[in-house]
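To start, the structure itself, in structure tokens.
The values are calculated or read from the model by the stated rules, or taken from the named source; none is laboratory data. These figures come from a predicted structure and were not determined experimentally. We place every Cβ from the backbone using ideal geometry, glycine too, and count neighbours over all the protein chains shown. Only protein heavy atoms, including side chains, enter the accessible area calculation; ligands, DNA and RNA are left aside. Shrake-Rupley method; radii C 1.70, N 1.55, O 1.52, S 1.80 Å.
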Amino acid sequence: MGTRNLSAPNIKDHQMASRGFGPFPEPVPVASQLAVLPFLSAVEGFIRQDAAGTKFRITMHRVMTRDGQTYLQQLCVYLGQDQWNGSVVGRILPVTEGIIGRSFEHKKIVRTRFYNTPEELLVDLQKDMDDNNEGQRKSDTPVSYLAIPFLGYDGQVVAILYADIEHFNFFADDQRIAYIKAMCDGMCRLFDRLQENPFPTLRNYPLQQGEPVREEPTGYRRLQEPVNTLEPPTFLKLDSLNYEASAA
Amino acid sequence: MYNQQVRAHNLVWSLLERSKADMGPIERVAIIGGGITGLTAAACLLSTFPSVSVTIFERQWDLCPLQQGSDTRWLHPRIYEWPGYESRAPNASLPVLNWSEGRASDVARELIRKFSLYTAEYAPETDRLRIYLGLSHLRIHAANRQIEWMGRRTADQGPFFRVGVPEGSTEEFDTIILASGFGLERQSLHAVATPSYWRNDQLGQPLLNGSRQVYVVSGYGDGAIVDLCRLTIERFRQDTILYEIFGSNLEDIEAEFRGHNPNRISNVLDLLQITMGKDLTDAVSYLGKRLRKDTQVILHASGTTTKNTALPDLFGQTSSFLNRFLLYALYRCGAFSVSFGSLEDVIRQYQPLLSNVFRRHGTDALGNVLDLFANASSMKPALQALQNHRNQAPERLWVPGTFPHLT
């Protein structure tokens, strides 16, 4: 992390100035993971029926605040993969990270736009990757991305569904996005109901709003576009996603 | 406990930053205290400094000795920050030695188990970690960071530790971390000798002989008020009382309290009585239906220096806002009597069984720490200043992702 002036009067300023985070995830309550996994598995099943044999991943990130600083945190494993990789759960990311960062900033569904040919897409993809110093595209680099923000009752971003796939123009299909968005709406309705009628030992504990931690945005600006024809799914009763199981 | 663990994380993170800035070696670290804080600091160090060696010194015969077997005390990571955000969340959400609310005995057992995961991962079969238990002597020479001690070194068997033969030594360390905690409660030579707060008792259980007994709780900090609640409220549970009192209005009331920032107010009686008075009427009424029928409780609240003389004196920053709220609600219910005289006068007047008198006067934390030093008089001003300013806020300052967490 480099040399720091540790006599700086405000250690939080010092912390904010550091680029990047440590290599380890921070804890995520298992109840929060379980709250979203069944929903994601349903979306995974929906995607799979049109993408049999194609590699894809789907997960959820939540907006997490810790002592006044707001990050994105991966809420659960990636579904869609053969392996169950728990080591990614709890990864902390700045709010400017990739397509989820663009979705966070604009509070809109963001997806890879339609391309007439794969070659045109790959040119733009490589240019976007070059902008981020990501090196050469690999053969299994996804070519279609999706980020759907879930908004809270105050219009703030609560969580972001993320998906990527090695299928050309997969998320450029408006109908498919509309179906997935409808599923997200269903999840919002359920969680609103649960907020009104919570299980006694399974509750959502509100997180405080904080100052977003930003770094250089790494979204693919050529490849990705906001979807202006669909409003993001919105919770009417939640402003954060932090389910935990209690003893009583 | 949570606050202490956060400080342990912050401290090790700052040591990490220091080492990266070449501000001195972190190679031989001594940790005084084998409680939860000491274990947290040790696990943080072992998992982030690949070549550090850590030595833990613990006076008692096991790690986390206070909380082990403590079945009548409930631990919650942040409930004393109520009504702050996440204060009711059951999980501590700490990367190292994380835990969820529960009986102190269960929390201690789980933390020691997790500590053994760190020792297995980061200090297997090496001299990276030494633990000394049953210390009969320990003195710190601050000027040259030397520690002299007599105790028994352990050999760990997973989460359990067998002790070897006694030994004594003097060694130098580049870093000494004081994690000796608050210590045990002050005991006087008074006839009333109250067992430690962490020892099991029956205060929360109804009497089974049909009698109604007199109890005296001496003190007005968190420990005393918790025992007051256990003695006055039927089926009192620290983890559920807020849900029971406020029901579906809890989050609204919480938000309203938060707006007043009650943990920063020097005396909250006006806030409770006047500002929020009407909002708390239902809560008080509810609590009034839950008062125990088998106890008569006197709160002896004059304080160790007999400075308190009236009820408002009890609502300063000597306890958490949660407990001051409960104290207020119980006062409004007429759930207890209060006395500001001497403890002897209270006992003489109310004639409780001496086993029903509980002194919750806290510990002499500063004295316990000073006892560790060979040159206590020269250490006292600095430690006194630290205690007076209490600037150790439990904010999580470490950069996210600094520490690995093992489950």
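What to note about this one:
- Among the residues of the range A:56-90, just one is surrounded by fewer than 18 Cβ atoms within 10 Å (Cβ to Cβ) and among the aliphatic types (A, V, I, L, M), namely A:Val88.
- Selection within the range B:88-106 - in a loop (DSSP other than H, G, I, E, B) and touching a residue at least 40 places away in the same chain (Cβ under 8 Å): B:Arg88, B:Pro90, B:Ala92, B:Leu94, B:Pro95, B:Val96, B:Leu97, B:Asn98, B:Glu101
- Residue in the range B:127-142 that is open to solvent by 40 Å² or more (accessible area, probe 1.4 Å) and more than 29 Å from B:Ser19 (Cβ to Cβ) present: yes
- Residue match in the range B:5-28 (condition: assigned to a strand (DSSP E or B), within 14 Å of chain A (Cβ to nearest Cβ) and charged (D, E, K, R)): no
- Conditions (1) farther than 16 Å from B:Thr318 by Cα; (2) of a type outside the set (A, V, I, L, M); (3) open to solvent by 40 Å² or more (accessible area, probe 1.4 Å); (4) at pLDDT below 90: number failed by B:Asp239: (3)
- Filter result (open to solvent by 30 Å² or more (accessible area, probe 1.4 Å), within 14 Å of chain A (Cβ to nearest Cβ) and not charged (D, E, K, R)) within the range B:98-124: B:Ser100, B:Tyr122
- Residue in the range B:379-398 that is under 30 Å from B:Glu86 (Cα atoms), within 14 Å of chain A (Cβ to nearest Cβ) and in contact with a strand residue (DSSP E or B) (Cβ under 7 Å, 6 or more places away or on another chain) present: yes
- Residues satisfying the stated conditions in the range A:50-105, i.e. free of Cβ contacts under 8 Å to residues at least 12 places away in the same chain and among the acidic types (Asp, Glu): A:Asp82
- Condition met for A:Ile92 (under 17 Å from A:Val213 (Cβ atoms), facing another protein chain (nearest Cβ under 9 Å) and of a type in the set (A, V, I, L, M)): yes
- Of all residues in the range A:200-222, one or more are of a type outside the set (Asp, Glu), within 16 Å of the chain's Cα centre (by Cα), in a loop (DSSP other than H, G, I, E, B) and within 14 Å of another protein chain (Cβ to nearest Cβ).
- Test: residue in the range B:34-47 that is in contact with an Asp or Glu (Cβ under 8 Å, 6 or more places away or on another chain), under 20 Å from B:Val163 (Cα atoms), away from chain A (no Cβ under 13 Å) and part of a strand (DSSP E or B): no
- Scanning the range A:179-223 for residues that are surrounded by fewer than 18 Cβ atoms within 10 Å (Cβ to Cβ) and within 14 Å of A:Ser240 (Cα to Cα) yields A:Asp192, A:Leu194, A:Gln195, A:Gln208, A:Gln209, A:Gly210.
- Meets criteria (of a type in the set (Asp, Glu), under 18 Å from B:Arg59 (Cα atoms) and over 26 Å from the mean Cα position of the chain (by Cα)) for B:Glu148: yes
For (1) among the basic types (Lys, Arg); (2) within 23 Å of A:Leu37 (Cα to Cα), each residue gets a yes or a no:
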{"residue": "A:Ile100", "(1), (2)": "no, yes"}
{"residue": "A:Asn116", "(1), (2)": "no, no"}
{"residue": "A:Val123", "(1), (2)": "no, no"}
{"residue": "A:Lys127", "(1), (2)": "yes, no"}
{"residue": "A:Gln136", "(1), (2)": "no, no"}
{"residue": "A:Val143", "(1), (2)": "no, no"}
{"residue": "A:Leu146", "(1), (2)": "no, yes"}
{"residue": "A:Ala159", "(1), (2)": "no, yes"}
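- Selected residue [in contact (Cβ under 8 Å) with a residue 40 or more places away in the chain and either farther than 23 Å from A:Gly80 by Cα or within 14 Å of chain B (Cβ to nearest Cβ) (or both)] from A:Glu225, A:Glu166, A:Glu231: A:Glu225
- The set of residues from the range A:151-173 being of a type in the set (D, E, K, R), open to solvent by 20 Å² or more (accessible area, probe 1.4 Å) and touching a Phe, Trp or Tyr at 6+ places or on another chain (Cβ under 9 Å) comprises A:Glu166, A:Asp173.
- Within the option set A:Gly20, A:Gly45, A:Gly53, being away from chain B (no Cβ under 14 Å), surrounded by fewer than 20 Cβ atoms within 10 Å (Cβ to Cβ) and either in contact with a strand residue (DSSP E or B) (Cβ under 6 Å, 6 or more places away or on another chain) or at pLDDT below 90 (or both) holds for one residue only, A:Gly53.
- Residue pairs whose Cβ atoms lie under 8 Å apart, sitting 6 or more positions apart in sequence or on different chains, and linking a residue in the range B:162-176 that is touching a residue at least 24 places away in the same chain (Cβ under 8 Å) to a partner that is among the aromatic types (Phe, Trp, Tyr) and open to solvent by 60 Å² or more (accessible area, probe 1.4 Å), are B:Val163/B:Trp61.
- Of all residues in the range B:29-86 being more than 15 Å from the chain's Cα centre (by Cα) and of a type in the set (Phe, Trp, Tyr), the one that is most open to solvent (accessible area, probe 1.4 Å): B:Trp61
- Among the residues of the range A:96-125, those identified as assigned to a helix (DSSP H, G or I) and loosely packed, with under 15 Cβ neighbours inside 10 Å are A:Pro118, A:Glu119, A:Glu120, A:Val123.
- Just one of (1) surrounded by fewer than 23 Cβ atoms within 10 Å (Cβ to Cβ); (2) within 25 Å of B:Val12 (Cα to Cα); (3) in contact with a Phe, Trp or Tyr (Cβ under 8 Å, 6 or more places away or on another chain); (4) within 11 Å of chain A (Cβ to nearest Cβ) fails for B:Pro95. It is (1).
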